[in-house]
Amino acid sequence: MGSTWANHGTKILGFVVAVIGAMGDVQQLFAAYDSNPKHIALYTLVAALGGAIVKRGFTNTQNQPPAEPPSLPDKEKGFIDREVLVALAVFMLCLVGCSLLANQPLDAKIGTAKETVASVERAAAAAVNAGTLNVATGQEIYTDSQSVVKYLDAAHAAIVAGNNSEGAAQYQLANGLLSSLQTYLNAHLPQGQK
Amino acid sequence: MATPIVIAADVLDALVSAAQAIQTLSPILKQMQAEGRTQLTSAEWDTITQDEAGAAQALLAAVQAKRTP
């Protein structure tokens, strides 16, 4: 039990540090590339939503006695939908972030897309470890993600070689696969948690 | 009432993964913009590649661990 709370506290601390750093980075990033106040407002909203989610986590765990580990039935019906929604929201926000960086050079977009893939993979790994994502879905996400990475690597290699048109073509293919992955998650995740 | 604890941990995992991606990417893109470059340096690309490879490895390890009886 103690280790659970310690682990939980470590995650919270890590998250707070990460968000503080990320918010500053995002603000500077978009100030440099995008002065559209709507976009800045969107990221403010994202930060607020993240804060609200964390606050709800704190609120739910305050003033309650230390609890027993959750039983499998509780896990299956208690929080899976919420976890999936959060994972999907993070994924879609990453895609939104990519689209907001439309004015950046192609190579920067490729790097952003690759980090988007990394973000999805990290979230999926955490969900598989927690038992909230089944193995088959985790494997599917891994396979699709590696396909996206293959096209992104090819796109970057083409740009380095001076072939920007080929780089753009490979990037479009990667984006198509990312959209397919999003569609897969939307269509299969809620049914795949059994 | 252990479920709220698990919810918070899972939510944090998902959000931290996104924050990590931003933290890795942001200084690279800012440096590109500051120097007026249109291409990532090999070191920058390696940083992104290693980050993704680590995430992919973590996902694969999680899947394989769950498959192991």
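The values are calculated or read from the model by the stated rules, or taken from the named source; none is laboratory data. All of these numbers come straight from a predicted model, not from anything done at the bench. Backbone-built Cβ (ideal geometry, glycine too); neighbour counts: all protein chains shown.
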Item to complete: Go through region B:24-40 and count every residue that is at pLDDT 85 or above, within 15 Å of A:Lys114 (Cβ to Cβ) and among the hydroxyl-bearing types (Ser, Thr, Tyr).
Response: 0
Fill in: Residues of region B:24-37 satisfying the condition of being over 26 Å from B:Ala55 (Cα atoms) and surrounded by fewer than 14 Cβ atoms within 10 Å (Cβ to Cβ)
B:Ala34, B:Glu35, B:Gly36
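Just to be sure, is B:Val6 in a helix (DSSP H, G or I), modelled with pLDDT of 90 or more and at the interface with chain A (Cβ under 7 Å from one of its Cβ atoms)? Walk me through it before giving the result.
Numbers: in a helix (DSSP H, G or I): yes; modelled with pLDDT of 90 or more: no; at the interface with chain A (Cβ under 7 Å from one of its Cβ atoms): yes.
Here the answer is no, as B:Val6 does not meet what is asked.
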Practice prompt. Output the residues belonging to region A:128-140 that are more than 7 Å from chain B (Cβ to nearest Cβ) and either at pLDDT 90 or above or in contact with a Gly (Cβ under 9 Å, 6 or more places away or on another chain) (or both).
Written response: A:Leu133, A:Asn134, A:Ala136, A:Thr137, A:Glu140
Item to complete: For residues that are small (Gly, Ala, Ser), in contact with a Leu (Cβ under 9 Å, 6 or more places away or on another chain) and either within 29 Å of B:Ala65 (Cβ to Cβ) or in a loop (DSSP other than H, G, I, E, B) (or both), tally how many sit in region A:121-175.
Response: 10
Discussion item. Suppose the filter is modelled with pLDDT under 90 and outside any helix (DSSP H, G or I); does A:Asn103 pass it?
Written reply: yes
